[in-house]
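In what follows, a single structure is set out as C-alpha coordinates and then discussed.
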Amino acid sequence: MIVLGTIVKDSNADIFLRGCEIMPRQARLDTPGTLHHVIIRGIEKRPIVNDVKDKKEFIFRMGNISTEEKTTIYAWSLMATHAHILLRSGPYGVSQFIRQFLTGYAL
(Lines give C-alpha, C1' and ligand atoms only; values in the text may rest on other atoms or scores of the structure.)
Protein backbone atom coordinates (compact mmCIF):
# COMPACT_ATOMS: atom_id res chain seq x y z
CA MET A 1 0.00 0.00 0.00
CA ILE A 2 1.26 3.47 -0.82
CA VAL A 3 0.05 6.45 1.17
CA LEU A 4 0.34 9.86 -0.44
CA GLY A 5 -0.03 12.99 1.63
CA THR A 6 1.83 15.70 3.45
CA ILE A 7 3.43 14.90 6.80
CA VAL A 8 2.52 17.65 9.24
CA LYS A 9 3.75 18.32 12.78
CA ASP A 10 1.32 20.46 14.76
CA SER A 11 1.91 22.58 17.88
CA ASN A 12 1.22 19.57 20.15
CA ALA A 13 4.10 17.67 18.48
CA ASP A 14 1.60 15.26 16.93
CA ILE A 15 2.53 13.96 13.51
CA PHE A 16 -0.21 13.18 10.98
CA LEU A 17 -0.93 13.10 7.25
CA ARG A 18 -2.88 15.90 5.58
CA GLY A 19 -4.63 15.17 2.29
CA CYS A 20 -4.13 11.45 2.77
CA GLU A 21 -4.81 9.30 -0.28
CA ILE A 22 -4.31 5.53 -0.08
CA MET A 23 -3.28 3.77 -3.27
CA PRO A 24 -2.93 0.01 -3.88
CA ARG A 25 0.56 -1.47 -3.85
CA GLN A 26 2.27 -1.32 -7.22
CA ALA A 27 3.53 -4.48 -8.90
CA ARG A 28 6.84 -5.78 -7.56
CA LEU A 29 9.88 -4.96 -9.68
CA ASP A 30 11.19 -8.46 -10.45
CA THR A 31 14.19 -7.62 -12.61
CA PRO A 32 17.32 -9.73 -12.07
CA GLY A 33 19.80 -7.96 -9.82
CA THR A 34 17.17 -5.94 -7.94
CA LEU A 35 17.55 -5.48 -4.18
CA HIS A 36 14.55 -6.86 -2.23
CA HIS A 37 13.40 -6.90 1.39
CA VAL A 38 11.39 -10.13 1.65
CA ILE A 39 9.10 -10.82 4.62
CA ILE A 40 7.87 -14.36 5.23
CA ARG A 41 5.03 -14.69 7.74
CA GLY A 42 3.06 -17.54 9.23
CA ILE A 43 -0.68 -17.65 8.61
CA GLU A 44 -2.60 -15.98 11.46
CA LYS A 45 0.73 -15.19 13.18
CA ARG A 46 1.41 -18.89 13.65
CA PRO A 47 5.04 -20.05 13.94
CA ILE A 48 7.01 -20.75 10.77
CA VAL A 49 9.63 -22.66 12.78
CA ASN A 50 8.92 -24.80 15.83
CA ASP A 51 12.32 -25.74 17.21
CA VAL A 52 16.07 -25.54 16.64
CA LYS A 53 15.91 -28.30 14.01
CA ASP A 54 13.34 -26.29 11.99
CA LYS A 55 15.48 -23.15 12.25
CA LYS A 56 18.56 -25.00 10.99
CA GLU A 57 16.58 -26.51 8.10
CA PHE A 58 15.21 -23.07 7.16
CA ILE A 59 18.71 -21.55 7.13
CA PHE A 60 20.22 -24.54 5.29
CA ARG A 61 17.53 -24.40 2.55
CA MET A 62 17.88 -20.62 2.22
CA GLY A 63 21.65 -20.97 1.71
CA ASN A 64 21.45 -23.86 -0.75
CA ILE A 65 18.72 -22.35 -2.89
CA SER A 66 20.36 -18.91 -2.92
CA THR A 67 23.50 -20.59 -4.30
CA GLU A 68 21.52 -22.55 -6.91
CA GLU A 69 19.56 -19.47 -8.00
CA LYS A 70 22.63 -17.17 -7.88
CA THR A 71 20.79 -14.95 -5.39
CA THR A 72 22.92 -12.90 -2.99
CA ILE A 73 21.66 -12.73 0.59
CA TYR A 74 23.00 -9.68 2.43
CA ALA A 75 21.14 -10.07 5.72
CA TRP A 76 18.41 -12.15 7.29
CA SER A 77 16.53 -12.45 10.56
CA LEU A 78 14.54 -15.52 11.56
CA MET A 79 11.98 -15.30 14.33
CA ALA A 80 9.33 -17.81 15.40
CA THR A 81 6.44 -16.21 13.48
CA HIS A 82 8.23 -14.49 10.60
CA ALA A 83 11.51 -13.90 8.76
CA HIS A 84 13.13 -10.99 6.96
CA ILE A 85 15.60 -11.48 4.10
CA LEU A 86 17.52 -8.72 2.34
CA LEU A 87 18.64 -10.10 -1.01
CA ARG A 88 19.71 -9.23 -4.54
CA SER A 89 17.83 -11.40 -7.01
CA GLY A 90 19.63 -13.72 -9.40
CA PRO A 91 19.13 -14.12 -13.16
CA TYR A 92 15.59 -15.52 -12.75
CA GLY A 93 14.28 -12.83 -10.39
CA VAL A 94 13.11 -12.98 -6.79
CA SER A 95 9.89 -14.89 -7.52
CA GLN A 96 11.79 -18.00 -8.68
CA PHE A 97 13.95 -17.98 -5.52
CA ILE A 98 10.98 -17.51 -3.17
CA ARG A 99 8.85 -20.10 -4.98
CA GLN A 100 11.58 -22.74 -4.81
CA PHE A 101 12.52 -21.90 -1.22
CA LEU A 102 9.05 -21.79 0.30
CA THR A 103 7.51 -24.64 -1.69
CA GLY A 104 10.22 -27.03 -0.58
CA TYR A 105 10.17 -25.69 2.99
CA ALA A 106 6.42 -26.18 3.36
CA LEU A 107 6.49 -29.80 2.20
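The values are calculated or read from the model by the stated rules, or taken from the named source; none is laboratory data. All figures in this text were calculated on a predicted structure; none of them were measured in a lab. Here the Cβ is made from the backbone with ideal geometry for all residues, glycine too, and neighbour counts use every protein chain on show.
Condition check ((1) among the β-branched types (Val, Ile, Thr); (2) modelled with pLDDT under 90; (3) in contact with an Asp or Glu (Cβ under 7 Å, 6 or more places away or on another chain); (4) surrounded by 11 or more Cβ atoms within 10 Å (Cβ to Cβ)) across all residues:
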site	(1), (2), (3), (4)
Ile2	yes, yes, no, no
Thr6	yes, yes, no, no
Asp14	no, yes, no, no
Leu17	no, yes, no, yes
Ile22	yes, yes, no, no
Gln26	no, yes, no, no
Leu35	no, no, no, yes
Val38	yes, no, no, yes
Ile59	yes, no, no, yes
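Name the residues in region 70-107 that are of a type outside the set (Gly, Ala, Ser), touching a Pro at 6+ places or on another chain (Cβ under 6 Å) and closer than 17 Å to Asp54 by Cα, would you?
If the condition is that a residue be of a type outside the set (Gly, Ala, Ser), touching a Pro at 6+ places or on another chain (Cβ under 6 Å) and closer than 17 Å to Asp54 by Cα, then Thr81 is the only one that fits.
Any residue in region 45-61 that is within 14 Å of Ser77 (Cα to Cα) sitting within a Cβ distance under 9 Å of a residue that is in a helix (DSSP H, G or I) and of a type in the set (Lys, Arg)? List the pairs, counting only those 6 or more apart or interchain.
Partner pairs satisfying both residue conditions: Val49/Lys55.
Every residue in region 51-66 that is closer than 15 Å to Leu102 by Cα and β-branched (Val, Ile, Thr), please.
Result: Ile59, Ile65.
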